[in-house]
Amino acid sequence: MLKRYLLAPGPTPVPPEVLLAMARPMFHHRAPEFDKVFAEVRDGLKWLYQTKNNVLMLAASGTGGMEGSVSNFLSPGDKALTINGGKFGERWTKLCKTFGADVTEIKVEWGYAV
């Protein structure tokens, strides 16, 4: 059987076991079951990143994660360098400017390395 891959941000094929897991009843984020799953995911991320330090999980889109990064690492007037090779580079630039950073933007044609 031919296995198809869609190498785009989405939608992507979902394995049958994931679809079955998603069909199970949901539980509240304050329920003991959630604490157990959250701890398993946290520990799995620590293993994945080979760290004993805390890991941060965001319940947000990629843009939400980007905004969280900019708002917590940059203050108005800080210098920021962004590389704009497409939509995500545009977004980094816009977010940095929105939070008051002094942005230097390097624009490159999509598909080319810096």
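The values are calculated or read from the model by the stated rules, or taken from the named source; none is laboratory data. Quick caveat, the model's predicted, so the values are computed rather than measured. Here the Cβ positions follow ideal geometry from the backbone for every residue, glycine too, while neighbour counts run over all protein chains shown.
Somewhere in region 85-102, is a residue charged (D, E, K, R) and in a loop (DSSP other than H, G, I, E, B)?
Step one: list which residues in region 85-102 are charged (D, E, K, R), which gives 87, 90-91, 94, 97, 102.
With in a loop (DSSP other than H, G, I, E, B) added as a condition, the list becomes none.
Scanning region 85-102, I find no residue that is charged (D, E, K, R) and in a loop (DSSP other than H, G, I, E, B), so the answer is no.
Scanning region 11-48 for residues that are of a type outside the set (A, V, I, L, M) and modelled with pLDDT under 90, which turns out nearest to A59 (Cα to Cα)?
Taking region 11-48 as the starting set, the residues that turn out to be of a type outside the set (A, V, I, L, M) are 11-13, 15-17, 24-25, 27-30, 32-36, 38, 40, 42-44, 46-47.
Retained after the next criterion (residues that are modelled with pLDDT under 90): 11-13, 27, 29.
Working: P11: 19, T12: 20, P13: 22, F27: 16, H29: 12 Å.
Filtering region 11-48 for residues that are of a type outside the set (A, V, I, L, M) and modelled with pLDDT under 90, the one nearest to A59 (Cα to Cα) comes out as H29.
Is there a residue being at pLDDT 90 or above and touching a Leu at 6+ places or on another chain (Cβ under 6 Å) anywhere in region 104-112? Explain how you work it out, then say what you get.
Restricting attention to region 104-112, the residues satisfying the condition of being at pLDDT 90 or above are 104-109.
Then drop every residue that is not touching a Leu at 6+ places or on another chain (Cβ under 6 Å), which leaves 104.
Yes - at least one qualifying residue is present in region 104-112.
Need pairs with beta-carbon distance below 8 Å; first residue charged (D, E, K, R) and within region 46-57, second assigned to a loop (DSSP other than H, G, I, E, B); sequence gap 6+ or separate chains.
From region 46-57, the pairs are K46/K52; K46/N53; K46/V55.
Only residues that are loosely packed, with under 12 Cβ neighbours inside 10 Å and without any contact (Cβ under 8 Å) to a residue 24 or more places away in the chain: list them for region 79-97, please.
Within region 79-97, K87 is the sole residue that qualifies.
Would you please list the contacts, defined by Cβ atoms under 6 Å and residues six or more apart or on different chains, that run from a residue in region 28-39 that is of a type outside the set (A, V, I, L, M, F, W, C) to a residue that is at pLDDT below 90?
E33/F27
What helices (runs of 4 or more DSSP H) lie completely within region 12-77 and have 3 or more residues being surrounded by 11 or more Cβ atoms within 10 Å (Cβ to Cβ)?
By residue number, 32-48, 62-73.
Which members of region 65-76 meet the condition of being under 8 Å from the mean Cα position of the chain (by Cα) and free of Cβ contacts under 8 Å to residues at least 12 places away in the same chain? Before the answer, list the steps.
Within region 65-76, the first condition is being under 8 Å from the mean Cα position of the chain (by Cα), and the residues that meet it are 65-66.
Across region 65-76, the qualifying residue is only G65.
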